[in-house]
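Asks: Got a structure here, written out as structure tokens. Questions coming.
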Amino acid sequence: MNPALLLLADGTRFEGSGGAALGTALGEAVFFTGMTGYEEALTDPSYAGQILTFTYPMIGNYGISHDVAQHPRACVAGAVIKQLAARPSHHASKIALGAWLDEQAVPTIIGIDTRALTVALREHGTIGAALAVGDAAIAVAEADLTRYVRSATTAGLVASVADAYLDGKTLEHGGKRIVLIDCGVKRAIVRDLEALDASVTVLPYDTSREEINAHAPHGVVISPGPGDPRDLAGMVDTLRSLVGEVPLFGVCLGHQMLALACGAQTYKLKYGHRGGNQPVKDLVNPGVLITAHNHGYAVDGASLPAELEATMINLNDGTNEGFRHRTLPVSGVQFHPEASPGPFDARYLFAQWLESLP
């Protein structure tokens, strides 16, 4: 093991042990509350540019299977773990979590008080951090963090996790033709749409209106992804040009960009929504869903123009969780219907949307 340091922008320091991946991870420190689902979380493109803290004390006990990965590689900037299981026990395990993190070159710190760190993040909100592994990285961690905090931007995060393997591919089935815009698409979304017999064509986040229309889709899904939706002005403009031409459904980052395209505003949350237990109230069909979240930005519910109506709100803080156009087939949800990891309460939303398509 190597010496490791997690340094927060407010000066808080956590010293622990690091894996074999030497170097420094710079990003926003956030936490994940799931007892399981670490493989999905570490490969979730929405976590690009973030240092992910696992609040559950032991992580890695069932290893890495590769079967539930949401992306071909790890997407997080770094990982923070209280206790790492050295010998996983599960029939599907292909490699231990620690060995996989080393293989993926993810700087990792082990053995720190993750409860204290989680309380700090809960009290202060998302905060810039440096995770340094190895003496050389630790020696310059403070200077690296200072530069990061002064120049942090979300530009390029989406490009870093766009799945080149999927982009341009059409997964043929007999059902509706769906274009899926890849802003950091999770494999679970593709699987869910395929399971509903949709023929899915995945196109990159910077695709044009003409390229989308060339596939004559019955509908367009805009995927989740990392960062600030306002940094993707080109995609917002493309979505604005599609409103009224083809049914649109946005998920997480896609929901935010679609709201911007329709004239609403977005903002950065002081306390980002993470984990798999966020309660959401359905305003259209009264009820409460337990949902999976991973986002630091939100749609300003007060900014929704007259032609949009809120369909869901978060019961923890009242933030907007969904909207729909009053006359056009345009809607979005802030959470992840595909979960992975998370509850299945909202998985019906993809089926409901597909059934509504002409």
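Asks: If a residue has to be part of a strand (DSSP E or B) and free of Cβ contacts under 8 Å to residues at least 60 places away in the same chain to count, how many in the range 230-256 make the cut?
Replies: Total satisfying the criteria: 0.
Asks: Another question about this same structure. Assess whether Leu242 counts as being at pLDDT 95 or above and more than 20 Å from Gly342 (Cα to Cα).
Replies: Answer is yes for this residue.
Asks: Does Pro107 qualify as being over 22 Å from Asp228 (Cα atoms), within 18 Å of the chain's Cα centre (by Cα) and not aliphatic (A, V, I, L, M)?
Replies: no
Asks: Of the conditions (1) surrounded by 15 or more Cβ atoms within 10 Å (Cβ to Cβ); (2) under 23 Å from the mean Cα position of the chain (by Cα), Pro217 clears all except one; give me its number.
Replies: Only one criterion in (1) surrounded by 15 or more Cβ atoms within 10 Å (Cβ to Cβ); (2) under 23 Å from the mean Cα position of the chain (by Cα) is unmet by Pro217, namely (2).
Asks: Looking only at the range 97-145, filter to residues that are modelled with pLDDT under 95 and assigned to a loop (DSSP other than H, G, I, E, B); which one of those is surrounded by the fewest Cβ atoms within 10 Å (Cβ to Cβ)?
Replies: By that ranking, first place goes to Gly125.
Asks: Taking the condition of being buried (at least 24 other Cβ atoms within 10 Å of the Cβ) and closer than 22 Å to Pro229 by Cα, how many residues in the range 50-71 meet it?
Replies: Qualifying residue count, the range 50-71: 4.
Asks: Looking only at the range 311-358, filter to residues that are under 22 Å from the mean Cα position of the chain (by Cα) and hydroxyl-bearing (Ser, Thr, Tyr); which one of those is modelled with the lowest pLDDT?
Replies: Ser340
Asks: Next question, about the same structure. Would the range 266-277 turn up any residue that is among the aliphatic types (A, V, I, L, M), modelled with pLDDT under 95 and closer than 20 Å to Ser46 by Cα?
Replies: Yes; the residues of the range 266-277 include at least one that is among the aliphatic types (A, V, I, L, M), modelled with pLDDT under 95 and closer than 20 Å to Ser46 by Cα.
Asks: Do any residues in the range 257-279 that are closer than 26 Å to Pro341 by Cα have Cβ atoms under 6 Å from those of residues that are of a type in the set (D, E, K, R) and surrounded by fewer than 23 Cβ atoms within 10 Å (Cβ to Cβ), where the two are at least six apart or on different chains, and which pairs are they?
Replies: Tyr267/Asp300
Asks: Looking at the structure I just gave you, is Leu308 crowded, with 23+ Cβ neighbours inside 10 Å, more than 17 Å from the chain's Cα centre (by Cα) and over 26 Å from Glu40 (Cα atoms)?
Replies: Considered against the rule, which asks whether it is crowded, with 23+ Cβ neighbours inside 10 Å, more than 17 Å from the chain's Cα centre (by Cα) and over 26 Å from Glu40 (Cα atoms), Leu308 comes out as yes.
Asks: Please specify each residue of the range 184-210 satisfying the condition of being surrounded by fewer than 19 Cβ atoms within 10 Å (Cβ to Cβ) and either in contact with a helix residue (DSSP H, G or I) (Cβ under 7 Å, 6 or more places away or on another chain) or on the phi > 0 side of the Ramachandran plot (or both).
Replies: Correct list: Leu196, Asp197, Asp206, Ser208, Arg209.
Asks: Does any residue of the range 262-270 turn out to be of a type outside the set (A, V, I, L, M, F, W, C), in a strand (DSSP E or B) and closer than 23 Å to Leu193 by Cα? Before you say what the answer is, go through the steps one by one.
Replies: We begin by selecting, within the range 262-270, every residue of a type outside the set (A, V, I, L, M, F, W, C); these are 263, 265-268, 270.
Adding the requirement that they be in a strand (DSSP E or B) leaves 266-268, 270.
Pick out the ones that are also closer than 23 Å to Leu193 by Cα and you get none.
No, that holds for no residue.
Asks: Of all residues in the range 340-358, which are in a loop (DSSP other than H, G, I, E, B) and crowded, with 21+ Cβ neighbours inside 10 Å?
Replies: Of everything in the range 340-358, those that are in a loop (DSSP other than H, G, I, E, B) and crowded, with 21+ Cβ neighbours inside 10 Å turn out to be Ser340, Pro341, Gly342, Ala346.
Asks: Then there's this: Could you please tell me which pairs satisfy a Cβ distance under 9 Å, a separation of 6+ or placement on different chains, a first residue in the range 53-81 that is free of Cβ contacts under 8 Å to residues at least 40 places away in the same chain and assigned to a strand (DSSP E or B), and a second residue that is hydroxyl-bearing (Ser, Thr, Tyr) and surrounded by fewer than 22 Cβ atoms within 10 Å (Cβ to Cβ)?
Replies: Here the result reads Ile64/Ser93, each pair linking the range 53-81 to a residue that is hydroxyl-bearing (Ser, Thr, Tyr) and surrounded by fewer than 22 Cβ atoms within 10 Å (Cβ to Cβ).
Asks: Given the options Val202, Val190, Val185, name the one that is closer than 19 Å to Cys75 by Cβ and assigned to a strand (DSSP E or B).
Replies: Val202
Asks: Given the criteria in contact with a Lys or Arg (Cβ under 9 Å, 6 or more places away or on another chain) and modelled with pLDDT under 80, does Asp163 qualify?
Replies: yes
The values are calculated or read from the model by the stated rules, or taken from the named source; none is laboratory data. This structure is a prediction, so every number in the text was calculated from the model and none was measured. Backbone-built Cβ (ideal geometry, glycine too); neighbour counts: all protein chains shown.
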